[in-house]
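A.B. asks: Sharing a structure, written as structure tokens. Questions coming.
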Ligand code: CAA
């Protein structure tokens, strides 16, 4: 598929997806959504690919949903068309997606980063939910995911004031897993993705699924779900290979079975 708003490239077993609407600071319009979902679904279905990185430019991961596209819409368009519901498909990706965020991740940009499995931030990253300044609110899950990531106090303050959080604060608050120098962000993210892609494919999916379950279930149900998936991995050839490889002091050779 030819993309107009994305650059998609495979680096070994890593799919690197770059949002590419520089003239609008990667604002997320309907075309970006359609292309992003197509790129993620192609990645998820491609057995040669083990992990993806989603990034933007050095100035902006994404400055939000496209305000110019939304400005004239009314309730019937938004509610009737279930505007933004398509983004749920980002989180339906079964293989991991790392957000590599440099510059602005605002509104839908912050929300998109939070839909990924974890966020690596450059030292220039700025996160915010400034929708209130437009007399609206987050609409792609930001009020929920931000509150879960950084707690109610910071999430509430950010949603009510539109204040941005810099990379240091975001790391302290648990929104991002690591901060990297801007010039190294994408290469480091790809390196991390390659490390993940080198693990056994079924174990990658199981680990992602069980960590995500922590957000959807009670502790007892989550622990039970983890244990059952852990048991299930003992039905895979790769578990036999992984443990034999450890004992024989050699790298594992995975079949994905
Ligand atoms: N939608 C549409 N266009 C946008 C945009 C957006 N979210 N953000 C930036 N742009 C456009 C600007 O209109 C401008 O285009 P023109 O050159 O045609 O005027 C271009 O990108 C460059 O932007 P600026 O000149 O504003 O750049 P700056 O460096 O002065 O400021 C900024 C950068 C602080 C990020 C500023 O662009 C800004 O505040 N952007 C909007 C941020 C925002 O409100 N995001 C939330 C959107 S609503 C949303 O996301 C809803 C939701 O929950 C999903």
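Every number in this text was worked out from the coordinates using simple rules, so none of it is lab data. Only a predicted model underlies this, so the values are computations on that prediction, with no experimental measurement involved. Cβ atoms come from the backbone with ideal geometry, glycine included; neighbour counts cover every protein chain shown.
A.B. asks: Please report 114, 158, 70 as a ranked list, fewest other C-beta atoms within 10 angstrom at the top and most at the bottom.
C.D. replies: The most exposed by this proxy come first: 70, 114, 158.
A.B. asks: Rg and Dmax of region 132-257, using alpha carbons, in Å: what are they?
C.D. replies: In order Rg, Dmax, the Cα atoms of region 132-257 give 19.5, 62 Å.
A.B. asks: Also, quick follow-up: Please grab the % of Cα pairs in the chain that end up more than 27 Å from each other.
C.D. replies: Of the Cα pairs, 39 percent sit more than 27 Å apart.
A.B. asks: Within a 10 angstrom radius of the beta carbon, how do 192, 55, 255, 91 rank from fewest other beta carbons to most?
C.D. replies: Least to most surrounded, the residues fall as 255, 91, 192, 55.
A.B. asks: Mean-square fluctuation check for the chain, GNM, Cα pairs under 10 Å: which of 214, 99, 113 is largest?
C.D. replies: Highest fluctuation of the listed residues: 214.
A.B. asks: What is the angle, in °, between the Cα long axis of helix 201-213 and the longest principal axis of the Cα atoms in the chain? Nearest 10 is fine, range 0 to 90.
C.D. replies: Orientation of helix 201-213: about 50 degrees from the principal axis.
A.B. asks: What is the gain in length, in nm to one decimal, between residue 75 and residue 44 on full extension, counting 0.36 nm per residue of separation less the C-alpha to C-alpha distance?
C.D. replies: That works out to 7.8 nm of additional length.
A.B. asks: Let me ask something else. Which number do you get for Rg(Cα) / (2.2 N^0.38 Å) in region 200-248?
C.D. replies: Computed over Cα atoms of region 200-248, the ratio equals 1.28.
A.B. asks: Would you look at the GNM of the chain, springs on alpha carbons closer than 10 Å, and say which of 50, 151, 108 moves the most?
C.D. replies: Highest fluctuation among the options: 151.
A.B. asks: When 77, 44, 66 are ordered from fewest to most other Cβ atoms inside 10 Å of their Cβ, what list results?
C.D. replies: The most exposed by this proxy come first: 77, 44, 66.
A.B. asks: Which part of region 200-241 falls in the paramagnetic zone of residue 249, meaning amide N under 20 Å from the point 7 Å along Cα-to-beta-carbon?
C.D. replies: Backbone N within reach: 241.
A.B. asks: Tell me, Kirkwood radius of region 1-116 from alpha-carbon pair distances, in Å?
C.D. replies: By the Kirkwood definition, the hydrodynamic radius is 14.4 Å.
A.B. asks: Tell me the mean residue ellipticity at 222 nm calculated for the chain from its helices only (DSSP H runs of n ≥ 4, each -39500 (n - 2.57), averaged over every residue, nearest 500).
C.D. replies: -12500 deg cm²/dmol
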